[in-house]
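Okay, here's the structure, questions in a sec.
Throughout, read-outs are computed from the coordinates displayed, never taken from laboratory work. Worth saying up front: this structure is predicted, and the values here are computed from it rather than measured. For neighbour counting, all protein chains shown are included, and Cβ atoms are generated from backbone atoms with ideal geometry for every residue, glycine included.
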Amino acid sequence: MGRGLAALSGRKLPIFFKFDTIQLSDFIGGNNLNEKIKKIVDQVKTVILDKDEVIVKVLSSWLAGGHVLLEDYPGTGKTILSRALSQATNCSFSRVQFTPDLLPSDILGVSIYNQKTSEFDFHQGPIFTSFLLGDEINRATPKTQSALLEAMSEGQISVEGHRFKLDPMFFVMATQNPIEQLGTFELPEAQLDRFMMKISMGYPSPEFEIKMVKDQLQGHPVESLKPVVSKQEVMELKALSQNIKVTDDIYGYISKLVQLTRSNEAFKLGVSPRGMIALVKASQALSLCMGMDYVKPSVVQALLPEVFGHRVLLTPEAHLKGLVPSQVLNEIIKNVPVPRGD
């Protein structure tokens, strides 16, 4: 058995933990909850090859009530992943292509005067959905990017003095091209902090890349994906993830990790309280996916780079040394004692 998700459920891990390739058959059990997760992942992986780890992490963020920022180069499957997840779970889906001329009203909606009633009627924008794909979010101006802040943190929007509740399963999966590319605007810290995780897809292995090309010669397989669970079942999983036990030892362990991000000389900005909450919730959701009823330190370690990496800022000196946030975070993990019992 490898050191993937399976290792979390039955073996003691070293202080430093890193995901390897996930073998779903190793960690998905026979009970109904695990089987539902397995159904979703198995369906999505028919079109997103060699990315089981990414699928599970995105699912964990969704079940935890968070949102995901996928950063990678064009053509790595970011958009297809979001479509596949929405189709496999029978959830409504909207896509917004972010461009420099996109306006907040293009996302939220707009009021149009009705001559028959002499009143303004609000026409809902694409944000009124379960699954919102914000494609190339960093190509829009900061003003338009900020239109998502209230929706992502409170599940509602305010338009012209009126508040509108969003879908209870509202989930933003935003894609982002590397900031060095032309025509991009860097996301502000407040916007980044709304994303529970920042994940990179990466390229598939040569073997799976060849298979992917063959599968798409006669059309894209995502068009034929069928729902394998209902939206109600996903909502039930989301509710159950909130009941996963988090002991005081785990809270203390996460708190120590957070404090060290704030005192580390390589960071000029550490993790906020929202970041700590995000790590706890994500750990609960990932534990649920693995059929566990409590959070282990190794689960926290597995998610920490994706949950904290975009919430910290390196100092100029750290930049000059060629450091990246994940390197510093991994050192922090190594230097915090792990609670007993993992």
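Here are some pairs, LYS143/LYS238; LYS78/LYS214; LYS38/LYS231; LYS45/LYS214; LYS57/LYS238; LYS231/LYS256; which of them have Cα atoms lying more than 26 Å apart in this structure? Working shown, then result.
Numbers: LYS143/LYS238 31 Å; LYS78/LYS214 19 Å; LYS38/LYS231 15 Å; LYS45/LYS214 15 Å; LYS57/LYS238 14 Å; LYS231/LYS256 37 Å.
Cα-Cα > 26 Å for LYS143/LYS238; LYS231/LYS256; rest within.
Percent antiparallel among DSSP beta bridges with both residues in the stretch 67-195, to the nearest 5?
Numbers: 10 of 23 bridges.
Roughly 45 percent of the DSSP beta bridges within the stretch 67-195 come out antiparallel.
Less than 14 Å apart at the alpha-carbon level, and either on another chain or at least 8 residues along: which aspartates and glutamates does that give for LYS39?
Of all the aspartates and glutamates, those that pass the test against LYS39 - Cα under 14 Å, at least 8 places apart if same chain - are ASP52, GLU233.
What order do you get for 221-227, 168-174 when each peptide is scored by the mean count of other beta carbon atoms within 10 Å, highest first?
Details: 221-227: 13.3, 168-174: 22.6.
Going from most to least packed, we get 168-174, 221-227.
Show me, for the stretch 138-143, the HN-Hα J-couplings you get by feeding each phi into the Karplus relation (A = 6.51, B = -1.76, C = 1.60, θ = phi - 60°), rounded to Hz, glycine and proline as x.
Computed from phi, the couplings for the stretch 138-143 are 7, 9, 8, 6, x, 4 Hz.
Got a sec? Charge dipole of the stretch 67-195, +1 on Cβ for Lys and Arg, -1 for Asp and Glu; which of SER146, GLN124, HIS162 is way out at the positive end?
Value computed over the given set: GLN124.
Setting aside same-chain residues fewer than 8 positions from LYS245, which aspartates and glutamates have a Cα under 16 Å from its Cα?
Partners found: ASP293, ASP342.
Something else about it: Please report the spacing between the Cα centers of the stretch 97-157 and the stretch 268-315 in Å, no decimals.
29 Å
For LEU269, list long-range residues whose amide hydrogen, built 1.01 Å from N in the peptide plane, is under 5 Å from its own amide hydrogen.
Close amide H contacts, sequence-distant or interchain: LEU313.
Further, regarding this structure: Where in the stretch 124-163 are there GluC sites (Glu not before Pro) that are in a DSSP coil and have at most 13 other Cβ atoms within 10 angstrom of their Cβ?
Working: sites: GLU136, GLU150, GLU154, GLU160; in loops: GLU136, GLU160.
Here the GluC sites (Glu not before Pro) that fit, given the DSSP loop and packing criteria, are GLU160.
Hey, what do the phi angles of the stretch 301-309 turn into as Karplus ³J(HN,Hα) couplings, whole Hz, using 6.51/-1.76/1.60 and θ = phi - 60°, x for Gly and Pro?
Values per residue, Gly and Pro as x: 4, 5, 9, 4, x, 6, 7, 9, x Hz.
Check which residues have an amide H placed less than 5 Å from SER111's amide H, if you skip close sequence neighbours.
When sequence neighbours closer than 5 places are left aside, the close amide H contacts are HIS123.
When the Karplus curve 6.51 cos²θ - 1.76 cosθ + 1.60 is applied with θ = phi - 60°, which whole-Hz ³J(HN,Hα) does each residue of the stretch 270-286 get, with x for Gly and Pro?
x, 7, 7, x, 4, x, 5, 4, 4, 5, 5, 5, 5, 5, 4, 5, 5
Rounded to the nearest 10 degrees, what's the angle between the helix 52-63 long axis and the longest principal axis of the chain, both from Cα atoms, 0 to 90?
60 degrees
Here's another thing I want to ask about it. What aspartates and glutamates does LYS268 reach when the alpha-carbon gap must be under 14 Å and sequence neighbours fewer than 8 apart in one chain are set aside?
GLU189, GLU317
5 Å is the cut-off here: which amide hydrogens, built 1.01 Å from N in the peptide plane, fall below it relative to THR247, excluding neighbours closer than 5 in sequence?
Result for THR247 returns VAL295.
For the chain, set up a Gaussian network in which alpha carbons nearer than 10 Å are linked by springs, and say which option among LEU103, LEU279, LEU70 fluctuates the most.
Comparing LEU103, LEU279, LEU70 in the GNM, the peak value goes to LEU103.
Out of all DSSP beta bridges in the chain, what portion is antiparallel? Express it as a percent rounded to 5.
40 percent
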